[in-house]
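These notes concern the structure reproduced below.
The values are calculated or read from the model by the stated rules, or taken from the named source; none is laboratory data. Keep in mind that this is a model prediction, so the values were computed, not measured. Because the Cβ atoms are built from the backbone with ideal geometry, glycine has one as well, and the counts that use them run over all protein chains shown. Accessible surface areas use protein heavy atoms only, side chains included; no ligands, DNA or RNA. Shrake-Rupley method; radii C 1.70, N 1.55, O 1.52, S 1.80 Å.
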Amino acid sequence: MGLKFTFPSRFVSPLGFLGMLTFVIFIILGITGALLMLYYEPILDRAWDSVQNIDDTIPYGFHLRNIHYHASNAMVMVALLHMYYQYFSGRYKIRNEILWVTGIILGVLTILEAFTGYDIIFSERAELAISIAASLTNSIPILGPQMTEAFFGGGFHDFVLRFYAFHVFLLPIAMLGLMVVHFPRFLVFDIPMVMAITGAIMLTGGVFPVDMGLKFDPNVPPGITVPEWYLTGLYAFLRSAYDKFTTGVAWPGLFIFALLIVPFIDRYKKFSWKDRPIITAVGITSLAQIIVTTYWGFYIDPDRTKSLLERLVIDPVFLYLVMILLVPLSFGFTYMMIKLARNAEANAKVQPKKPTTKSSINLTEKWIYGIFIALLAFQVYLNIAAYYAVLSGMKNYSLFIIGIMMLVFAGMFHIFRHGKSMQKAPPPKPTLPPMPAKAKPASLAKTGQPEAPQIAAGTKELENSVAKENTLAPSAKGSSPSASSGSSASSGSSASSGSSASASSTSASSTSASTSVQSASKTESTGVQSQQKIVADEKK
């Protein structure tokens, strides 16, 4: 059944599955989130306690919450990878401007969806994120206060319920509407890839179980905390103590706007990153700045003798100087890589081409059956191990094993699909032995000697040559009259009978000569036709 839902059947680059995997993770989030909604309480003084109840008391609640949390991080990561793959490959140039714009908006909504999700727990980390978001929204000119009241309400008691509505209804509905426009044109689906990404999320949840964090208490001063990794870049700019609107609203807005207009300003005719140096350099610069600011957002000065404010604040001069220096460094790196790539291509054209043989793993039918049965037996063992891990209360270990089960299932499906494709493949064509080359006739061989002159049929020279041959080698018919004539002379026959025999002999000789001339003429004509046919065959 899974094979019927796998398309396209031809090979697609693994990078081409990133968009499909983003959609699959969105479905995983929808399923796990709907189950978590049954036990979560969107009330200010019960939100954190309800999540703790899901983790500790509700059956399989720990598994559901870990899958949901790590799937949200995976969706942001896969969406970013998908965006940059489309950017560097130039896919947006194939009349895909609308798909690119909807994709950028989907990426922004994905980050907002993840942000509202970990805020409704209302831990110390969530309180820090809420306070920063409310402050940034309020700093927007003209519309800032109205937007703050609409999104955050009159206080924390309003905020939890409103963010809950954004997280479970408003943002998912908007994302689904954009997905209807964004995905159907290039939708691909592969069962092993779906099982692999699901298993990787579960495996990560088993190795790195999500922590509850500390419950927010307004009477206790908060400690040092940082937001999720996809917001630490923005957090680094905010820690520079510069203007809040510039660092928290203007810079991110400028970055999003630059991404939106890329298809409309990219006028290069080709798609390769090597043929679009400026666009490629801008992309490398943005990646470098994202990586540096993300690391900077996580960094906290370890000197505990300093005050909390001194440990958090980043020197704005130093921060923006590094951001400016990354621009020429990224452009220089881009042009250097383009030059190296073109030199490699030029050297490959100059050097003699070596015969390339595609290496592929062709398993026999016995090996396919053996591997499939081994994976099936391993799958049974993993199910038993996961069952006993759940009974023993080892929640993270059981989730880790379930992740491995999904990866093993992906391998089983791939082996099964490979065997089915081998079964449907046509048998190999038999190889025929090479045909021997035609031997060149001796009459057409090129020699240095001049060719003998040919005698035309019906001429006197041909008749004389034939008569000469008959004289040197008389035929059986010519020798009978001569013998009878000799016996007549020895027995004293009359002159008339001798002259009659002589006349008969002359008549036979002329008849034989005429027959020989016709035969030679026919043979010569046949030989000429044969030579012309051989020459024509050689020309072909």
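Observations, loosely collected:
- Residues ILE290 and LEU178, FRET efficiency given R0 of 25 Å [Cβ-Cβ distance, rounded to 0.05]: 0.65
- Sparsely packed loop sites in the stretch 264-370 (the trypsin sites (Lys or Arg not before Pro) outside DSSP H, G, I, E and B with at most 14 other Cβ atoms within 10 Å) comprise ARG267, LYS269, LYS270, ARG304, LYS306, LYS353, LYS358.
- Accessible surface of the stretch 365-424, 1.4 Å probe, proportion on carbon and sulfur as whole %: 72
- Low-density loop cleavage sites - trypsin sites (Lys or Arg not before Pro) in the stretch 1-103, where at most 12 other Cβ are within 10 Å (DSSP): ARG10, ARG95
- The chymotrypsin sites (Phe, Trp or Tyr not before Pro) found in the stretch 281-353 that occupy coil by DSSP, while having at most 15 further C-beta atoms within 10 Å, are TYR299.
- Solvent-accessible area per residue in the stretch 15-225 equals 47 Å², computed with a 1.4 angstrom probe and all protein chains kept.
- Residue among ALA79, LEU136, GLY30 farthest towards the positive dipole end of the stretch 1-136, charges placed on Cβ: ALA79
- Extension gain (nm, one decimal) between PHE271 and ASP211, 0.36 nm per residue minus Cα-Cα: 17.2 nm
- Measuring r between the beta carbons of ASP56 and VAL380 and using R0 = 22 Å, the FRET efficiency lands at 0.10.
- Here each label is just a point 7 Å from Cα along the line to Cβ, and for LEU44 and ALA425 those points are 6.8 nm apart.
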